[in-house]
Every structure is written in structure tokens, then in C-alpha cells.
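Note sheet for the following structure.
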Amino acid sequence: MSIRWSIDPKVRAEVHFFTGLSFSGVRSVVHVFAGGRRQGPELEGDRVKSCALVGPLGTRMVLQASPSETDWEIAPWRAVILRQGTTIKAPVSGLPAVQIPDLDHLDRFDAKRPDPDAEEGFLLAGSVNEGQGWTYVGRNLGAELKCNVLGIRLDLV
């Protein structure tokens, strides 16, 4: 199933999606341009297991387990924000970036693979605008987000 995108017109970013954990498997790169345009392949949300976000500080990506435009926060979701002090430098562009080797696992922003020994709990947020830190999740954690990405939101905070 294709992913529904919701892009703020001011966002410029690059998102790398992988069909395997730890940035393995098939890689798909989506470039997002100012004006809400994007370039890249149509993604199959039932295959996405890991990703990386590259862009200016303040860029937020929300991965959703719901394609709904209105009540998507009822389903599982995860927000990732490029914040000062919690990013790495992207190798090609030099822009801030974060790496997510497993969509359902909380790792450091610079992790190359999931570390089950270092796992901590996610910060919970009542809504996407109430979250703290570089990554946080919604209150409904009953279902996995990995291989269940039905919507992606990109905006600036």
C-alpha cells in the first residue's frame, strides 16, 4: 500500500527508507522540496523497517500507522525532530541528520543498529505538538509501526 504524504510547503529534506533493519535491504530516497513537492519512488509502507532523516534543524517527520488526515493520532505514530545536539552530520550534504535503525525501537540518534541492551522507553506525548526530545511517540503503542507506515507528515517546529 502507498504512503499518504502531508508536507508543509516550507520543508526541505531528504528521507532514506530501508526494507531491512539497520539500514539494510532495498534503499529508497525521497527528496522533499520547498513548496511541498517531493521526488522519489512510491514507497510501500508495509516494507519500511528503518530510515534516516536529513534536513535543516527544526525539521519534524511523523511516521503514522494511519492514512487518515484527521484522526491519525489515534493510531501508533512516531515523531522525529532534527534538534541541536541530537543530530549527526550527513556524509554527502553536511546537513543535520538522525538515524533510526528500527522504527519500533528507541536508540540513540546516531545509532547504526538497534541495541536491545541499551533500550529505554519512548517519551509519550498526548499529541504530536506536545512531545519533548528528538523523538517521541503517541499514546497508542498497541501495534507496531515497522512495516505499517501508512502516512508521513513533514513540517517545521
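Data for the structure
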quantity	calculated
Convex hull volume per residue for the range 4-156, taking Cα atoms only, in Å³	103
Relative contact order %, the chain, counting alpha carbon pairs below 8 Å whose residues are six or more apart	30
Gain on full stretching of the segment that runs from Arg37 to Leu57 - 0.36 nm per residue minus C-alpha separation	5.3 nm
Residue exposure sequence - His31, His16 - by fewest surrounding Cβ within 10 Å	His31, His16
Within a Gaussian network of the chain (alpha carbon springs, distance under 10 Å), most fluctuating of Pro101, Pro91, Pro76	Pro91
Selected from Gly85, Gly58, Gly20 as most flexible by GNM, with the chain as the system and alpha-carbon contacts under 10 Å	Gly85
Extension gain, Arg113 back to Ser2 (0.36 nm per residue minus Cα-Cα distance, nm)	37.4 nm
Top of Ala79, Ala125, Ala13 by mean-square fluctuation, Gaussian network on the chain, Cα under 10 Å	Ala125
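Values in this text are rule-based calculations from the coordinates and carry no lab data. From a predicted model like this one, the values you see are computed outputs, not experimental measurements. For neighbour counting, all protein chains shown are included, and Cβ atoms are generated from backbone atoms with ideal geometry for every residue, glycine included.
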